[in-house]
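Contents: one structure, followed by commentary.
Values in this text are rule-based calculations from the coordinates and carry no lab data. Please read these numbers as outputs of a predicted model, since none were measured by experiment. Neighbour counts run over all protein chains shown; Cβ positions are idealised from the backbone, glycine included.
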There are 2 protein chains.
Amino acid sequence: MKNIKLTLAYNGASYHGWQIQPNGITVQSVIEKSLERLFKRKIKVIGQGRTDTGVHAIGQVASFKVPAIALKNMKIPQIKDALNSVLPQDIAVMDVESVSLGFHPRFDAKERAYRYVVYNDHNKQVFGRNFFYSYQYKLNLSKMREGARYLVGEHDFSSFQCKKTDNENPVRTIKNITIARRDFAVSNFLKLKNKAVVFEITANAFLYNMVRIIVGTLLDVGKGRIEPQNVKKILAGKDRTLAEETVPACGLCLIAVRYPVNVKIPPLKGDSGGCKKY
Amino acid sequence: MKNIKLTLAYNGASYHGWQIQPNGITVQSVIEKSLERLFKRKIKVIGQGRTDTGVHAIGQVASFKVPAIALKNMKIPQIKDALNSVLPQDIAVMDVESVSLGFHPRFDAKERAYRYVVYNDHNKQVFGRNFFYSYQYKLNLSKMREGARYLVGEHDFSSFQCKKTDNENPVRTIKNITIARRDFAVSNFLKLKNKAVVFEITANAFLYNMVRIIVGTLLDVGKGRIEPQNVKKILAGKDRTLAEETVPACGLCLIAVRYPVNVKIPPLKGDSGGCKKY
């Protein structure tokens, strides 16, 4: 028996999220079907965690077990091209590795990194509307970073959790939040100088909708509707109604999942404005 | 009567090109319907030229005439926001100007600039598939620029014209061709260093499919399938069957239309590799 770790990229626009559902096509179900086509048997895929409807990934991690005999003469690295050729165009295998039989994508993961992209301009944007959230108000990034500092560290994030979630332990540890102004890069047809605001949030794990509620709240700080210190109060209140709106899924992308040894998270370059623990 | 010049951006993925057709939704027809909704009367829109099904624009130019009375209290600059609010999300008015009654977008245009984007890597790309052409072979840009030089200047471009076109004069003047390697920028989620090859071609006007046949031919030069000097022979042959394949529409964008005085073409920055006349 082989345990195979996949690193996946997908455009979430056409999928009802990662996890298999009774209704709607999901990324997990498409990958399982593709593996079945490849290895001529039912194969169960385990993901490191869910992504919601419309959320994208460039570093999702999943694994599956397959008997050595089913691989026939296929070498492990060849699985990448073979699987890519049966997957649809909006799901790609970026990397394939043989891992120990005990490896579990979710339980072994130590850190997840998400990126959220805001198009910050008043001009209508016609390209790649599935890859950003359009927010036209002027943003004060210093204040947003000041607000973000209150969130770094180990906290009860009940205020930043969708109410629909299971009644799980709401304590998580945010390692880092960066907020950077960048050129908006939605195609090589045009380059919009400094028109993007990019968030990157790294934590041991996230609650349901946590990134999107944090971004929504920090945007309100940046706009001046609430003060940076309010973020501390919102966190302390442990009540979802205190935080601001959940921003849309299309701006969100799972960048990387880090394991104790081998998976590197690509750093956010340039004016990163990192936020250390307050 | 007012003559209004519009500068338009659109994502061509959902449209049967610019020009009104009996079947299929076109950009021109959507704009005419939006203007009718805004001004409560039928309005005819004149474009500077067609773009094909799936071709994008950030600098398409069109004009329409409207009686001053129909504007009511609306000032000319206000037309931008008013029209954007009735247009669908994939068509945007970038600029509105009042011009002389004699202005004609097609007859007065002196120069058109198109950009073509190639994603040049073997890895599958899941984002923004409507905004580039995926070409995995290694490209020699020096050879491509050498081939491109034969095309600059006034020539009979019959070899670079789709056969289906009307029997018009096939002589055009290419002012400039640049071919540059750039970072592939299909979203702010990821930045792929040097994975894009971007063509920019400026001419007084273009024949049907001319940009796409030129790019297809230069890619074959870059791949090493034909020699740069062959481009000269292909041009001299005045026969479409001599040139290479027409690359897909999705990689193409109309960047700008230049008029004698007022419209500027944004320059292609960085390693532009400009090709002067041979």
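Hydrodynamic radius of the protein assembly as shown by the Kirkwood approach over all distinct alpha-carbon pairs: 25.9 Å.
Ranked by Cβ crowding within 10 angstrom, fewest neighbours first, how are B:F199, A:F107, B:F132 ordered? Write down the numbers at each step before the final one.
Details: B:F199 24, A:F107 9, B:F132 28.
Result, fewest neighbours first: A:F107, B:F199, B:F132.
What is the sum of charges around A:S29, taking Lys and Arg as +1, Asp and Glu as -1, for the other residues whose C-beta is under 15 Å from the C-beta of A:S29?
Details: positive: A:K33, A:R37, A:K42, A:K44, A:R50; negative: A:E32, A:E36, A:D90.
Cβ neighbours under 15 Å give a net charge of +2.
For peptide A:116-126, the mean count of partner chain Cβ atoms within 10 Å of a residue's Cβ comes to 4. The Cβ shell under 14 Å around B:T51 holds other residues with a net charge of +3, Lys and Arg each +1, Asp and Glu each -1. Evaluated at q = 0.11, 0.20, 0.25 Å⁻¹, the base-10 log of the normalised Debye intensity for region B:2-99, with identical point scatterers placed on the Cα atoms, takes the values -0.28, -0.94, -1.48. Within the listed set A:V126, A:V96, A:V55, the residue fluctuating most in the Gaussian network model of chain A (springs between alpha-carbon atoms under 10 angstrom) is A:V126. Ordering B:E154, A:E244 from the fewest to the most neighbouring beta carbons within 10 Å gives B:E154, A:E244. Ascending distances from the A:P67 label point to its copies in the other chains, with the point 7 Å along the Cα-to-beta-carbon line: 8.3 nm.
Distances, shortest first, from the label point of B:K223 to those at the same position in the other copies read 5.0 nm; the point lies 7 Å along Cα to C-beta.
Taking Cα atoms, how many degrees apart are the long axis of helix B:27-39 and the longest axis of chain B, rounded to 10 and kept between 0 and 90? Helix B:27-39 sits at roughly 20 degrees to that axis.
Within region A:1-74, none of the chymotrypsin sites (Phe, Trp or Tyr not before Pro) combine a DSSP coil assignment with at most 11 other C-beta atoms in a 10 angstrom radius. Remark: B:F160, A:F131, A:F206 ranked as A:F206, A:F131, B:F160, counting other beta-carbon atoms within 10 Å and listing the fewest first. Spatial offset of region A:190-226 relative to region A:72-107 amounts to 32 Å, using the alpha carbon center of each. Nearest to the axis that brings chain A onto chain B is this chain A residue, judged by its Cβ, with the distance in whole Å: A:A185, 2. Classify chain B as rounded, prolate or oblate, taking a ≥ b ≥ c as the square roots of the eigenvalues of its Cα gyration tensor: rounded when a/c is under 1.5, otherwise prolate if a/b is larger than b/c and oblate if not. Prolate, because a/c is 1.5 or more and a/b exceeds b/c.
When B:P170 is represented by a point 7 angstrom out along its Cα-to-C-beta vector, the spacings to that point in the other copies are 7.2 nm, nearest first. Distance from the alpha carbon centroid of region B:22-57 to that of region A:237-260 works out to 40 angstrom. Most mobile of B:K238, B:K72, B:K195 per a Gaussian network model of chain B (Cα springs, under 10 Å)? For chain B, modelled as a Gaussian network with Cα springs under 10 Å, the answer is B:K72. Along region B:7-24 the Karplus relation, 6.51 cos²θ - 1.76 cosθ + 1.60 evaluated at θ = phi - 60°, assigns HN-Hα couplings of 9, 10, 10, 8, 8, x, 4, 9, 10, 7, x, 6, 6, 3, 10, x, 10, x Hz to successive residues, with x for each Gly and Pro. Helix B:228-237 and the long axis of chain B differ in direction by around 60°, with both axes built from C-alpha atoms.
Both the radius of gyration and Dmax for region A:113-275 are 15.4, 46 Å, in that order, over alpha-carbon atoms.
Where does helix A:210-223 land angle-wise versus the long Cα axis of chain A, in degrees 0 to 90, nearest 10? Approximately 30 degrees, to the nearest 10.
Among residues other than B:D90 whose Cβ falls under 10 Å from its Cβ, what is the net charge (Lys/Arg +1, Asp/Glu -1)?
Numbers: positive: A:K124, A:R129; negative: none.
Overall, the nearby charge balance is +2.
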